[in-house]
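Step one of this worksheet: look at the structure below.
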């Protein structure tokens with residue numbers, strides 16, 4: 001039978017056997033020590049086993065070395081990175097021997113004064129003594145003195161690579177290694193249980209322009225250096241921060257090892273640095289979100305000799321004084337990069353990239369997430385694979401999972417034809433869209449951001465009585481801007497618990513920034529009421545909420561629309577921050593006629609419906625008209641006929657009843673004859689009044705009605 005060819009060993013096998021062979025050399029030194037200091041009966045079996053294991057291991061390693069070139073061992077990378085001396089390297093190999101074979105663990109347990117399956121400090125001292133060191137002036141071998149110094153202040157101990165355990169005398173302590181480090185040195189993906197590992201993911205497209213910034217080039221240079229430095233990447237969205245760190249590392253020609261841990265825990269940071277060095281990667285620390293009111297933490301990277309990347313929310317980390325700090329700006333990306341991100345994320349829909357970049361100017365990291373949600377091209381979709389509507393739905397679905405109660409993310413459908421406004425209000429809404437659309441030209445190309453200190457974003461306050469079209473106007477703005485609408489009910493976000501209101505608003509702003517949706521805060525007076533004198537603790541916290549929301553509005557670079565029925569209750573500082581304040585008064589007769597005609601199509605009207613008479617008789621807001629038309633239509637449908645005058649009058653009567661206002665009576669019939677005295681008297685008074693006189697709002701008395 002022909003001889004089977006020997007399979008070529010893998011890289012991990014070569015690395016693992018090379019490490020075992022280096023440990024075997026230390027095992028032979030232990031065997032010779034046993035032969036020299038113990039009787040044949042006491043030390044013979046242990047020495048024989050050590051010889052057998054070491055010889056077999058070195059033979060296998062030699063065969064692999066001859067079959068293929070050996071990659072640089074992770075142990076060499078670790079020793080070089082932390083500048084570990086050769087005597088300390090011997091101690092590291094000695095501490096790792098019990099992990100090599102169960103027989104070795106039993107051997108060390110038999111030699112340990114406390115029965116531990118690890119080598120003791122006393123065994124290491126005996127090895128140092130028999131290494132041929134000359135005694136000092138007191139007669140003690142110099143290597144034993146040096147060993148004590150290494151185990152107290154050597155580089156391996158300071159880095160946490162070599163660990164002393166046990167509470168007995170010094171020489172009865174055990175030598176161990178950092179958690180899971182020996183398995184990682186063997187080339188396996190071992191990871192300590194105390195560290196929450198995070199996958200930073202591959203680099204994303206769309207960051208080329210960002211990488212060309214001067215601050216980013218300095219950060220890349222720092223990552224290429226071995227000098228100790230802390231690079232702080234502050235971003236509210238962890239996904240965005242991770243993608244920027246991945247891009248930095250890729251530009252520096254390095255990989256990343258990321259974990260979530262407490263920044264002020266030196267043991268956790270030291271463990272992260274060791275496992276990053278073994279893998280020849282840069283360590284990346286993700287700082288967990290801090291609790292409301294908690295102070296910023298100061299990283300403790302003293303055990304890390306090289307650069308450390310830190311991702312945290314703004315204000316969560318306070319750099320210490322012991323290490324140079326470089327702040328990495330996240331910042332928005334340009335139009336060209338956003339288009340590149342969409343083309344890379346959705347290669348089957350490259351033709352939609354300009355439209356998607358304009359409608360959804362997401363960070364490239366979030367663009368990649370949307371592509372992951374969409375998966376492959378949709379089967380049987382006439383619009384083609386991943387049409388813009390599919391992308392919008394995916395963005396809406398992902399963002400909706402982050403929203404607190406009382407908040408909805410919707411796709412707007414209303415257009416300007418549905419909005420009945422005077423010329424001034426219509427002009428202000430058009431100007432708001434123009435300001436949003438031309439921010440890049442005016443602020444960046446024309447330089448007004450620096451010259452006039454103009455800020456990004458557009459902020460509108462819509463004021464007026466209920467039902468006058470404020471929410472509809474916000475939906476129209478979202479439609480014309482080509483963006484989704486984030487509808488926030490201010491009254492539902494306010495919480496009696498301290499800090500909860502800010503937390504809810506922060507989640508809303510985060511979704512609005514992620515999706516670039518139009519931010520609609522309804523009933524804003526519930527949140528932005530006028531600040532008061534502090535007479536009790538609740539006043540102080542209410543003022544803090546107002547100040548926090550003002551700051552978030554200032555930082556929001558999208559379109560924010562806030563509505564209120566009570567402008568007089570809004571804080572003056574809030575009014576000053578608005579770019580537009582648009583009044584929505586009660587509609588006049590002509591506007592009401594347009595609304596009746598808009599909401600009630602001619603094909604469903606009965607012959608006895610006189611829209612002009614309805615508009616003249618009922619001075620109501622547009623919301624009432626819409627509700628009355630819908631209610632009348634359903635009542636007419638129940639009788640299988642068109643919407644008639646009686647249906648509409650009854651529906652309007654109910655709207656007056658809901659508002660607790662007296663019903664003014666029925667309008668005249670189509671031939672001009674009044675239906676009742678109340679309507680006739682109301683029409684006569686309206687005809688006799690001057691045009692400038694306001695209509696009376698009182699109800700007819702019982703005597704007048706009769």
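Any read-out appearing in this document is the output of simple, stated calculations on the displayed coordinates, not a laboratory observation. Everything numeric here is computed off the predicted structure, so don't read it as measured data. Cβ placement follows ideal geometry from the backbone for every residue including glycine, while neighbour counts extend to all protein chains displayed.
Binning at 5 Å from 0, report for segment 196-328 what percent of all alpha-carbon pair distances ends up in each bin.
2, 11, 23, 26, 22, 11, 4, 1
Run the numbers for residue 503 and residue 603: contour at 0.36 nm per residue of separation, minus the present Cα-Cα distance, in nm.
Full extension from residue 503 to residue 603 adds 31.0 nm.
At 7 Å along Cα-to-Cβ for each site, give me the label-to-label distance between residue 575 and residue 262 in nm.
Result: 5.0 nm between the two label points.
Restricting everything to alpha-carbon atoms, can you work out Rg to Rh for segment 590-636 with a Kirkwood hydrodynamic radius?
So for segment 590-636, dividing Rg by the Kirkwood Rh gives 0.92.
Roughly how many whole Å is it from the C-alpha centroid of segment 194-233 to that of segment 596-634?
The two parts, judged by their Cα centres, are 62 Å apart.
Can you compute the FRET efficiency between residue 431 and residue 637 using 1/(1 + (r/R0)^6), with r the Cβ-Cβ distance and R0 = 35 Å? Round to the nearest 0.05.
Plugging the Cβ-Cβ distance into 1/(1 + (r/R0)^6) gives 0.25.
Where the eigenvalues come from the Cα gyration tensor of segment 304-363, what are the semi-axes √(5λ) of the equivalent ellipsoid, largest first, in whole Å?
That gives 36, 13, 9 Å for the three semi-axes.
If I take R0 = 25 Å and measure r between the Cβ atoms of residue 197 and residue 170 in this structure, what FRET efficiency does the formula 1/(1 + (r/R0)^6) give, to the nearest 0.05?
0.10
Just to be sure I understand the curve: with the Debye formula and one point per C-alpha of segment 11-185, what is log10 I(q)/I(0) at q = 0.16 Å⁻¹?
Ignoring solvent entirely, the Cα scatterers give -1.00.
Multiply the residue gap between residue 557 and residue 358 by 0.36 nm, knock off their C-alpha separation, and tell me the result in nm, one decimal place.
Extending this stretch completely gives an extra 70.2 nm.
Between residue 280 and residue 218, what is the label-point separation in nm under the 7 Å Cα-to-beta-carbon projection?
In this crude label model, residue 218 to residue 280 measures out at 3.1 nm.
Kindly state, to the nearest 0.05, the FRET efficiency for residue 190 paired with residue 41, given R0 = 35 Å and r defined as their beta-carbon distance.
Efficiency, from the Cβ-Cβ distance: 0.35.
Between residue 397 and residue 327, what is the label-point separation in nm under the 7 Å Cα-to-beta-carbon projection?
Modelled inter-label distance: 3.9 nm.
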